[in-house]
Amino acid sequence: MSAEGHEIPLLEMRGVNTHYGAVHILKDVNLAIYPGELVCLLGGNASGKSTTLKTLLGMVTPTTGEVVLDGEAVTKESTSYRVERGITMVPENRRLFKRLSVLENLELGAYLRKDREQIALDLERIFDLFPRVKERLGQKSGTLSGGEQQMVAMGRALMSNPRVLLMDEPSMGLAPALVQTNFELIQQIHEEGVAIFMVEQNANMALSIADRGWVLQTGRVVLDDAADALLANPDLRASYLGEVGSA
Ligand SMILES: Nc1ncnc2c1ncn2[C@@H]1O[C@H](COP(=O)(O)OP(=O)(O)OP(=O)(O)O)[C@@H](O)[C@H]1O
Ligand SMILES: [Mg+2]
């Protein structure tokens, strides 16, 4: 399971440019995610990280270039088409349906599926991963703590039985102790065979569990390397992530 293998990438971006109106956001972005990998996309604020995830999922259409799933261009296909074929996302700020219960939120994650028996098994798998979620099935999602909301958002995404999980800043807003737990849960999901494509501001933490990573700067990929090489790169923080006071 590595980039050096001869497998077809699960998900790719080839020469993608995106615009919001006249504003050019992603600039000739090329990325490939292989089955079972854990990769991360780093970058400062407004560098285009969320736009990259939205483009992969079909919520944003590129002006030029292709999004490729299992070797097939899906650039013009809908988000539901892509979800049915194994991509899903835990969005920035979780985006739970706050007035719906935890169970209703989880069930919504499976809305495109018809395999009832397997859905029930996946729900059990989610309860094993997140016992806290099972204790709160009837609770309105808007009243959960931030950490609990993150677990429900991950559970909801897993209910589509994905092969690749896109995660937009999974540690945002979590207390430091919970950030660690959250990363352990991400690793556990990864160990079950799900490829993970994670956007993070927490570069050290993300690179400590990732295989590879990319750094985006104003919409352009400026670094593309193994996670340990990125961790050892002295320019990463000051030059690319725009962190003041770091060298
Ligand atoms: N729907 C939209 N319409 C117009 N501009 C947008 C839209 N969505 C995002 N942008 C702009 O595109 C740029 C990139 O946004 P994006 O959300 O991809 O950045 P990001 O790297 O995820 O940032 P952050 O770290 O703050 O989440 C920003 O300047 C943002 O204001
Ligand atoms: Mg973002």
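Residues LYS114, LYS76 in ascending order of nearby Cβ atoms (within 10 Å, fewest first): LYS114, LYS76. Selection among VAL164, VAL179, GLY147 by position relative to the dipole of the range 126-199 gives GLY147 as farthest towards the positive end (Cβ unit charges, Cα centre). Calculated mean residue ellipticity at 222 nm for the chain: -9500 deg cm²/dmol, from DSSP H runs with n ≥ 4 weighted as -39500 (n - 2.57), summed, divided by the residue count and rounded to 500. The alpha carbon centroids of the range 103-121 and the range 156-180 are separated by 19 Å. Residues TYR81, TYR20, TYR34, arranged from fewest to most other Cβ atoms within 10 angstrom of their Cβ, appear as TYR20, TYR81, TYR34. Cβ crowding within 10 Å, taken as a proxy for footprinting-reagent exposure, orders VAL23, VAL222, VAL39 from fewest neighbours to most as VAL23, VAL222, VAL39. The GluC sites (Glu not before Pro) of the range 70-162 meeting both criteria, a DSSP state outside H, G, I, E and B (loop) and at most 15 other C-beta atoms within 10 angstrom of the site's C-beta, are GLU77. Counting only DSSP beta bridges whose two residues both lie in the chain, roughly 50 percent are antiparallel. Between VAL60, VAL90, VAL194, the Gaussian network model of the chain with springs among Cα atoms under 10 angstrom shows the greatest mean-square fluctuation at VAL60. Taking amide H positions as modeled 1.01 Å from N, with prolines and chain starts lacking one, the residues under 5 Å from LEU11 and 5 or more places away or on another chain are ILE33, ASP70. Note that the range 214-219 has calculated 3J(HN,Hα) couplings of 10, 10, 9, 10, 5, x Hz, one per residue in order, obtained from phi through the Karplus relation 6.51 cos²θ - 1.76 cosθ + 1.60 (θ = phi - 60°); glycine and proline are x. Pairs of Cα atoms nearer than 8 Å and 6+ residues apart set the relative contact order; for the range 11-241 it is 28 percent.
Extending 7 Å from Cα along the Cβ direction at LEU100 and again at ASP28 yields two label points whose distance is 4.2 nm.
Between ASP225 and TYR111, the FRET efficiency from the beta-carbon distance, with R0 = 35 Å, is close to 0.40.
With a cut-off of 14 Å on the backbone N, the residues of the range 172-193 near the modelled label site 7 Å out from GLU92 along Cα-Cβ are 172-173.
A short reminder: the numbers here are calculations on the coordinates, not readings from a lab. Nothing here was measured: the structure is a model prediction, and the numbers come from that model. Backbone-built Cβ (ideal geometry, glycine too); neighbour counts: all protein chains shown.
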